[in-house]
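What follows is a single structure, written as structure tokens, with notes after it.
What follows draws every value from the coordinates through simple rules; no lab data is involved. Keep in mind that this is a model prediction, so the values were computed, not measured. Virtual Cβ from ideal backbone geometry, glycine too; neighbours counted across all protein chains shown.
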Amino acid sequence: MDKPALRQRCLRLWRRLDREALSRQVVETLLPWLVARLPRHILLYHPLPHELDLLALPQRYPARYYLPKVAGEGLTVHPLGPLAPGPFGLLEPLTEAVDPGVLDLVVVPGLAFDRRGFRLGHGLGYYDRFLAAVGAESVGVVPEALLLPELPQDPWDVPVGYLATERGVWPVPRACPGPG
């Protein structure tokens, strides 16, 4: 199945899920993982209607939190603060941008993920470009129902290092490099 058809299928599935309950469960599975890893600077996201809402994390885990903002072809990083409507129906921060090098962890939403850490997004490549440029750890958050065995992959797709569902958080296995 191609990515546009898969996006439509995933959006239909999101509509049938209890996003509020799943969001709470994913926050609960993330908390012990965060305590074990101790990230101090975390990029969250403001959720679209079909994404998990993890904005309860700042009240539950002490760190500095940031939100992304669409800027041209990329994302900029802004401290959590007042929000205003931006492109694509997103609420975006009004605070000044900071150097993304400050981040320890990037929390990545998606329509779906596969077990290799690849993400099905909206097809604009913002997170792929961002993850390729930033050295922070990354965790993809997704309901178990949208964790697929394998997604179609393009050469520019960047996998996350960890996956989090309502059932837990685990590292994504990395393929072994081929011979020299």
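Residues 172, 98, 27 in ascending order of nearby Cβ atoms (within 10 Å, fewest first): 98, 172, 27.
Roughly what % of DSSP beta bridges within the chain run antiparallel, to the nearest 5?
Details: 16 of 30 bridges.
Bridges in the chain are about 55 percent antiparallel.
With +1 on each Lys and Arg Cβ and -1 on each Asp and Glu Cβ, how big is the dipole of the chain about its Cα centre, in debye rounded to the nearest 20?
The dipole magnitude comes to about 320 debye.
When only alpha carbons are used to place a centre, segment 107-180 and segment 1-77 end up 13 Å from one another. Projecting the Cα positions of 145, 120, 107 onto the charge dipole of segment 106-176 (unit charges on Cβ atoms of Lys, Arg, Asp and Glu, taken about the Cα centre) puts 107 furthest along the positive direction.
Taking 81, 110, 168 as the candidate residues, the one with maximal mean-square fluctuation in a Gaussian network model of the chain, Cα springs under 10 Å, is 81.
Could you work out [θ]222 nm for the chain from helices alone, using -39500 (n - 2.57) per DSSP H run of at least four and dividing by all its residues? Round to the nearest 500 deg cm²/dmol. Write down the numbers at each step before the final one.
On the way: 4 runs with 45 residues, N = 180.
Calculated at 222 nm, the ellipticity per residue is -7500 deg cm²/dmol.
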